Structure formats: C-alpha cells, structure tokens
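> Dumping the structure here so I can ask a few things about it.
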Amino acid sequence: MVISPLSRSSDVTLLETFQAEQLIHGWRDEYNIDITDELHGHKQIYLYECNKSKLRFFVPSDVVGSERLYQQLEKNYNHYFSTKWEFEAAIRDLSDCASALEIGCGEGVFLDLLSKR
C-alpha cells in the first residue's frame with residue numbers, strides 16, 4: 001500500500017511508471033551523468049499524486065538525488081536551478097499565501113523568485 005508522505009493517506013493515484021534503464025540512459029544522454037547508483041537497483045520508479053493534498057511524490061522513497069548528483073548538476077548546468085517548471089507551478093499554488101517555507105532549498109533560487117513576485 002502506498003501512503004502519501006504529507007497527508008499519510010492511502011488515497012493516492014498512480015500517475016506514471018518510469019523504467020530505470022530509460023532514466024539512466026536519458027540522464028546519460030541529456031546531462032552526461034550516470035544515475036545508476038541513485039536508483040539503488042530499483043527497476044521501476046512510480047510517480048503518485050495524493051488525492052487530498054495534491055502532492056506528487058515518487059516511490060520507492062529511497063530514490064532521491066544525492067549530494068553528489070546535485071553537485072554535478074550545479075557544476076555543469078548553471079541553468080538547472082533557475083529554470084525549473086516546478087517553480088512556476090508552485091508560485092501559482094502559493095498565490096494566496098502570505099508566507100512560505102521551503103525545505104531543501106539549495107541556494108534559495110525559488111525563494112528569490114517567489115519574493116520578487
């Protein structure tokens with residue numbers, strides 16, 4: 001049973017299934033980065049959405065970007081952190097909020113963008 005990490009609800013929807021080999025080849029082709037170790041031997045990665053909170057999350061939960069991965073992205077792709085589509089989606093979602101807390105914000109690019117809006 002899959003549980004949303006935010007709401008702790010099992011009311012979730014499977015949105016997409018990713019094959020590990022396709023991810024590995026895609027990252028190698030697009031970024032010249034080998035993410036094999038990041039996937040911890042998993043053959044498939046699943047994207048779910050919590051029907052209560054609308055949070056989207058990946059399963060298995062141990063597939064997260066390591067510090068090494070983000071260092072490689074930051075070193076080789078300065079634009080990676082400044083052009084993420086998620087930033088615009090989050091800004092729309094936060095349009096009625098007076099404050100926001102971002103956890104795992106890296107250098108704070110999103111918060112800088114949000115404060116300017």
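The values are calculated or read from the model by the stated rules, or taken from the named source; none is laboratory data. Just so you know, these numbers come straight off a predicted model, no measurement behind them. Backbone-built Cβ (ideal geometry, glycine too); neighbour counts: all protein chains shown. When the accessible area is computed, the model is the full protein with side chains, heavy atoms only, and any ligands, DNA or RNA have been set aside. Shrake-Rupley method; radii C 1.70, N 1.55, O 1.52, S 1.80 Å.
> Looking for something in a strand (DSSP E or B), open to solvent by 40 Å² or more (accessible area, probe 1.4 Å) and either in contact with a strand residue (DSSP E or B) (Cβ under 8 Å, 6 or more places away or on another chain) or more than 21 Å from residue 23 (Cβ to Cβ) (or both) - is there at least one such residue anywhere in region 106-116? Before the answer, list the steps.
In the first step, residues of region 106-116 are kept if they are in a strand (DSSP E or B); the result is none.
No, region 106-116 contains no residue that is in a strand (DSSP E or B), open to solvent by 40 Å² or more (accessible area, probe 1.4 Å) and either in contact with a strand residue (DSSP E or B) (Cβ under 8 Å, 6 or more places away or on another chain) or more than 21 Å from residue 23 (Cβ to Cβ) (or both).
> Under the condition of being acidic (Asp, Glu) and loosely packed, with under 13 Cβ neighbours inside 10 Å, which residue from region 12-68 is nearest to residue 92 (Cα to Cα)?
To start, the set of residues in region 12-68 that are acidic (Asp, Glu) comprises 16, 21, 29-30, 34, 37-38, 49, 62, 67.
With the extra rule that they be loosely packed, with under 13 Cβ neighbours inside 10 Å, the set shrinks to 16, 21, 29-30, 34, 37, 62, 67.
Numbers: 16: 23, 21: 34, 29: 32, 30: 28, 34: 33, 37: 34, 62: 29, 67: 29 Å.
Filtering first and then ranking leaves 16.
> If you check 41, 65, which single one turns out to be closer than 17 Å to residue 107 by Cα, part of a loop (DSSP other than H, G, I, E, B) and without any contact (Cβ under 8 Å) to a residue 60 or more places away in the chain?
On the way: 41 fails: closer than 17 Å to residue 107 by Cα.
Step by step, each of 41, 65 is checked, and only 65 is closer than 17 Å to residue 107 by Cα, part of a loop (DSSP other than H, G, I, E, B) and without any contact (Cβ under 8 Å) to a residue 60 or more places away in the chain.
> Output the residues belonging to region 38-61 that are over 15 Å from residue 23 (Cβ atoms) and under 13 Å from the mean Cα position of the chain (by Cα).
Initial filter on region 38-61 (over 15 Å from residue 23 (Cβ atoms)): 48-57, 61.
48, 49, 55, 56, 57, 61 - these are the residues of region 38-61 that are over 15 Å from residue 23 (Cβ atoms) and under 13 Å from the mean Cα position of the chain (by Cα).
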